[in-house]
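Undergrad: The structure is given below, and queries will be raised subsequently.
The values are calculated or read from the model by the stated rules, or taken from the named source; none is laboratory data. Fair warning: this is a prediction, and the values are worked out from it, not measured in the lab. Cβ sites come from the backbone with ideal geometry, for glycine too, and all protein chains shown count toward neighbours. Surface accessibility is based on the protein's heavy atoms, side chains included, excluding ligands, DNA and RNA. Shrake-Rupley method; radii C 1.70, N 1.55, O 1.52, S 1.80 Å.
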Amino acid sequence: MDNHFFEQIFKNPLEQHNIPPNEIISRWAERLIQVLFPENTAKVFSTVEEVKAQVSALELELYDIISASCKLKNNECKNAAGQFFTELPELYRVLNTDIVAIYEGDPAAQSRFEVIRTYPGFYAICFYRIAHLLYNFGIPLVPRILTEYAHSKTGIDIHPAASIGEYFHIDHGTGIVIGETSTIGRYVKLYQGVTLGALSVKKTLAGSKRHPTVEDRVVIYSGATILGGETVIGHDSIIGGNVWLTESIPAFSTAYHSPIITIRNHKETN
């Protein structure tokens, strides 16, 4: 290799190359989750003051992350970090509704501890809700780094811009895709392999509503694919496994894939 190749690398760094490594950003989120849900760590706080000190340290770390990666400058970065932690009690409340939904919706769940400690769906939801809050404050890139980290750990791909209501239940979860402009209501349950996607991926559609709306109390079973920004799944509906939908259905609907079943002549097996 000649020097031209190395000069290209040296002279053409990517924008915002001073952003902390993904591992540092994701580790910050994991430590935040451990504070909210100490079931995930062996650390035990001795006093309330220790909890406050840990939260303050995480706020300062977030400020450093945002300052390195954000178009917001100086005090605006600090304000964004402060605003995030102002919303921490609400974030905690909503995450506890997700725990309730998972525990009460899965007969295999033996305890709240089990949900927090072992369920990949809850892990992915935690990262999504943290990332979504940062996204709402206008923080670039960091929210996507967080959800893609959770994606790599769980196989659950949730865009941080998606809007998801309380009491969200992901069961199993591997292969779930929730696109950028998806809107999901309250008490929604998704099984593995569900896709809430776009009908078209043309770049000219960036910024438009490309992904479906799923209203309250909908259950979507494994392998279902729902596409399109104008597609609305009415509340209290059930979408069966492997269903393909590109148009809206009204409330209280049931959509299912009807297999073709044939019975072979038993003589053919002899």
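Undergrad: Which whole-number percentage describes the relative contact order of the chain, with Cα contacts under 8 Å and a sequence gap of 6 or more?
TA: 10 percent
Undergrad: Fully extended, how many nm does the chain gain between F5 and Q110 (0.36 nm per residue separation, minus their Cα-Cα distance)?
TA: 32.1 nm
Undergrad: First compute the accessible area of the chain with a 1.4 Å probe, then give the percent of it belonging to carbon and sulfur atoms.
TA: Numbers: 8210 of 15020 Å².
Carbon plus sulfur share of accessible area: 55 percent.
Undergrad: Sticking with this structure for a sec: Where does the longest stretch of the chain lie that holds no GluC sites (Glu not before Pro) found in a DSSP loop with 10 or fewer other Cβ atoms within 10 Å?
TA: Details: sites that count: E15, E247.
Maximal segment without exposed cleavage sites: 16-246.
Undergrad: Sticking with the crude label model, points 7 Å out along Cα→Cβ, report the distance from D64 to S208 in nm, one decimal please.
TA: So the label points at D64 and S208 sit 4.4 nm apart.
Undergrad: Which number do you get for Rg(Cα) / (2.2 N^0.38 Å) in the stretch 153-230? Display every interim value, and only then the final one.
TA: Details: Rg = 11.8 Å, N = 78, 2.2 N^0.38 = 11.5 Å.
Taking the Cα Rg and dividing by 2.2 N^0.38 Å, one obtains 1.02.
Undergrad: How do V177, V188 stack up against each other in accessible area, from largest to smallest, with a 1.4 angstrom probe?
TA: Numbers: V177 55, V188 0 Å².
Putting V177, V188 in descending order of accessible area: V177, V188.
Undergrad: Within the chain, what is the longest stretch that has no chymotrypsin sites (Phe, Trp or Tyr not before Pro) placed in a DSSP loop and near at most 15 other beta-carbon atoms within 10 Å?
TA: The longest uninterrupted stretch comes out as 46-251.
Undergrad: Mind scanning K189/K209; K52/K78; K52/K153 and naming the pairs with a C-alpha gap bigger than 24 Å?
TA: Result: K52/K153 exceed 24 Å.
Undergrad: If you don't mind, there's one more thing I want to ask. Using a 1.4 Å probe on the protein heavy atoms only, what accessible surface does T262 show? Give it in Å² to the nearest 10.
TA: Only protein atoms counted, so the area is about 110 Å².
Undergrad: Can you work out the FRET efficiency for the pair R186 and V51, with r the C-beta to C-beta distance and R0 = 25 Å, to the nearest 0.05?
TA: It comes out at approximately 0.30.
Undergrad: Over the chain, with the other protein chains present, what is the accessible area per residue in square angstrom, probe 1.4 angstrom? Present the calculation step by step, with values, prior to reporting the outcome.
TA: Working: 15020 Å² over 270 residues.
Per residue, the chain has an accessible area of 56 Å².
Undergrad: Roll a 1.4 Å probe over the protein heavy atoms and report the accessible area of S152 in Å², nearest 10.
TA: The accessible area of S152 comes to roughly 90 Å².
Undergrad: Which whole DSSP H helices in the chain pass both tests: a Cα extent of 30 Å or more along the axis and a mean Kyte-Doolittle value no lower than 0.0?
TA: Correct list, ordered by number: 48-69.
Undergrad: Right, here's the next one. In µm²/s, what is D for the chain at 25 °C and 0.890 mPa s, where D = kT/(6 pi eta Rh) by Stokes-Einstein and Rh is the Kirkwood radius from Cα pairs? Kindly include the intermediate steps, with their values, before the conclusion.
TA: Numbers: Rh = 20.6 Å.
The diffusion coefficient I find is 119 µm²/s.
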